1. Return the pair list, or none, for Cβ contacts closer than 6 Å from residues in the stretch 437-458 that are farther than 11 Å from residue 144 by Cα to residues that are of a type in the set (Gly, Ala, Ser) and surrounded by 15 or more Cβ atoms within 10 Å (Cβ to Cβ), at least 6 apart or on different chains.
2. Before we move on, is residue 94 of a type outside the set (Gly, Ala, Ser), modelled with pLDDT of 95 or more and either in contact with a His (Cβ under 6 Å, 6 or more places away or on another chain) or part of a loop (DSSP other than H, G, I, E, B) (or both)?
3. Testing residue 278 on (1) over 34 Å from the mean Cα position of the chain (by Cα); (2) under 30 Å from residue 111 (Cβ atoms); (3) not basic (Lys, Arg), one condition comes back false. Which one is that?
4. Looking at the stretch 149-201, which of its residues are modelled with pLDDT under 95, in contact with a Gly (Cβ under 8 Å, 6 or more places away or on another chain) and within 26 Å of residue 285 (Cβ to Cβ)?
5. So which residues in the stretch 420-437 are within 20 Å of residue 458 (Cα to Cα) and not in a helix (DSSP H, G or I), if there are any at all?
6. Enumerate the helices (runs of 4 or more DSSP H) found wholly within the stretch 115-190, keeping only those where 1 or more residues are over 26 Å from residue 221 (Cα atoms) and among the aromatic types (Phe, Trp, Tyr).
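The values are calculated or read from the model by the stated rules, or taken from the named source; none is laboratory data. Since this is a predicted model, take the numbers as computed values, not measurements. Here the Cβ is made from the backbone with ideal geometry for all residues, glycine too, and neighbour counts use every protein chain on show.
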Amino acid sequence: MTVLTRLHSVPAHPQAIDPVGNVRQIYQALLTEENPRDLALAFLQEQLQHAADISETLPQDPTTWHAWVAAHCTDVARQYADYLQQRKAGGPRQFFSSKAQALYFLQAVAPTKLVDGAWLSGLLTQWQDPRFAGLISTYLEELGEGNPAQNHVVIYRKLLADHDLQDSSAIADERYLQGALQLALGLAGTEYLPEVIGYNLGYEQLPLHLLISSYELSELGIDPYYFTLHVTIDNASTGHAQKAVQAALDLLPLTADRGEFLRRVSLGYRLNDLGQGSRAIIEGFNLEHELLAMLERKRPFGQHMHSDYCRFEGQTVNQWLASPEQLPGFLQAMQNKGWIKRHEDPQASRFWQLIAGDGAAMFGVFSAYEKQLVHDWIAGSWTAPHAARPIRRHSQTSAAAVVPDQDPDVQQLLATLQGQDPVEHMATLLPWLAPARHAHPAGLLATRRFIELKSRLP
């Protein structure tokens, strides 16, 4: 049975799995468990029911989609030009009022960015069908075509590492929803092809927030390459946005119920609107709230680590840290004693001197992001005079990727491929292009081999 003959009705809801629960756990299970298909199907069916309650915005006539995408891109370009004009006229940043807010955003969207392209992963088995060429090409480009310098997950992992943002404990559970959706769509790609097409159609449209984020991250000294890369590849002329429309048109059924197919495409499109989007995450940032939440995460580890020598308003540091309710009062007590001087250069605050710098008494206690929260909260309305922030640029390379021969996964993959015919070869490579594997050395190697072999096979 081919993939297209299974599309005329929505698959039955698997009864053995309850998809309602901690979405972070669902995300992890979909990403790491060996056979999570039942969970993927149940979770996806539940989310589609939520999507059905969202107003439809996808044009009903698919012959208008190319023009619709072009018009959207033109509108985004116009809005971005207005934004640039406002900035050149001296207007403030619109997204990130501080570097801490930018880092908060990078961490909050990490669960989605770290499975970039996953919704298309289940279509790789259709590599011999030319109608899937655009969708498969899009997925392979998300994988950087096996070049680690272009693999989107590798790039984002490096971005998180550069700013000490790998700790996922600070990420709210609801932030995992879109990533879990993408993983579920990838695992259920054959049964839910119309929904995958619709989701891809929505996700690959160029959003205004991508352009503004790139601009403001650069201003704050944060490498924007992950975001600028998506600006270029999601274009409506030759990029992923155009391929998304063409793939949808190519895969429309010729004789089957086209209306039902389009209904499901529209439902998949609306999956993009579930959960908090990038702009809502940015607008929901509150510096003091995040500072207190960070201190609360630290509190259990520090409430017995301080001596009784230093007291604030009659209480020791350990006493202040005994309960979360006292944290706001503790910050105020340090201000009252002059240890924190709000709206001044943080270097003038004794508390900052304790946590920043190689010789600081609390060196290593706070991560780079946690220190940025403290720094920006203390600084408040203060800004450094003539503060020229370095703009970090991504080092692009098209050189051949180095294969780490001593990597055990690489060794195992190469050994398995020995003596296999081309069809067996492709079957061996496919699992290594999955979301959990493709960013590892063996996955990058498998991606390059897959592309090379695909170009030679009928």
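1. Going by the 6 Å Cβ cut-off, the qualifying pairs are 437/443.
2. For residue 94, the condition - of a type outside the set (Gly, Ala, Ser), modelled with pLDDT of 95 or more and either in contact with a His (Cβ under 6 Å, 6 or more places away or on another chain) or part of a loop (DSSP other than H, G, I, E, B) (or both) - is met.
3. So residue 278 meets the others, but not (1).
4. 174
5. 420, 421
6. Counting at least 1 such residues, we get 133-142.
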